[in-house]
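The values are calculated or read from the model by the stated rules, or taken from the named source; none is laboratory data. Note that the structure is a prediction, hence the values are computed from the model and not measured. Quick reminder, even Gly has a Cβ in these numbers, built from the backbone with ideal geometry, and neighbours come from all protein chains shown.
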C-alpha cells in the first residue's frame, strides 16, 4: 500500500520537526512539514499513475528487504543517518 509508506514518512518528518523544538507552536516547522508532505503525496500519485509496477517494487526497501547481512547493516546505518538529517539541524546549542 503506497500511501501507508508516504503517510508514515510524513508523520515521522513532523515528529522530527516538532520534538526538538519542544512545541507545535513553530510555524517554520509547519511550513516545512506541509511542503514536504505535499511533495511526497504528489510524487506518490505520479508514480502510481505512470509507473505502478515501479511503485510496488519500491515498497520493498530497507534492511528487511535485503538478503545479505552486509547490505542489511548498510541499509540500517543509512536509515539512522537519514533520520539524523532531520533531527541534528533542529537541535539548538545552549
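Going by what's in this entry, would residue 54 be described as out of contact with any helix residue (DSSP H, G or I) (no Cβ under 9 Å at 6 or more places or on another chain) and exposed (fewer than 12 other Cβ atoms within 10 Å of the Cβ)?
Working: out of contact with any helix residue (DSSP H, G or I) (no Cβ under 9 Å at 6 or more places or on another chain): no; exposed (fewer than 12 other Cβ atoms within 10 Å of the Cβ): yes.
Here the answer is no, as residue 54 does not meet what is asked.
Out of the residues in the stretch 71-94 that are outside any helix (DSSP H, G or I) and without any contact (Cβ under 8 Å) to a residue 40 or more places away in the chain, state the one that is nearest to the chain's Cα centre (by Cα).
Among them, the one singled out is 93.
Every residue in the stretch 30-54 that is in contact (Cβ under 8 Å) with a residue 24 or more places away in the chain and within 16 Å of the chain's Cα centre (by Cα), please.
The answer is 36, 37, 40, 41, 44.
Which one is surrounded by the fewest Cβ atoms within 10 Å (Cβ to Cβ) among residues in the stretch 20-29 that are without any contact (Cβ under 8 Å) to a residue 12 or more places away in the chain and in a helix (DSSP H, G or I)?
It comes out as 27.
Any residue that is within 17 Å of the chain's Cα centre (by Cα), closer than 30 Å to residue 22 by Cα and surrounded by 11 or more Cβ atoms within 10 Å (Cβ to Cβ) - is there at least one of those in the stretch 61-70?
yes
If residue 34 meets every condition in (1) farther than 25 Å from residue 76 by Cβ; (2) surrounded by 11 or more Cβ atoms within 10 Å (Cβ to Cβ); (3) at pLDDT below 85 apart from one, which number is that one?
(3)
Is the stretch 4-11 home to any residue that is modelled with pLDDT under 90 and not in a helix (DSSP H, G or I)?
No, the stretch 4-11 contains no residue that is modelled with pLDDT under 90 and not in a helix (DSSP H, G or I).
What is the residue count in the stretch 71-94 for residues that are out of contact with any helix residue (DSSP H, G or I) (no Cβ under 8 Å at 6 or more places or on another chain) and closer than 29 Å to residue 22 by Cα?
11
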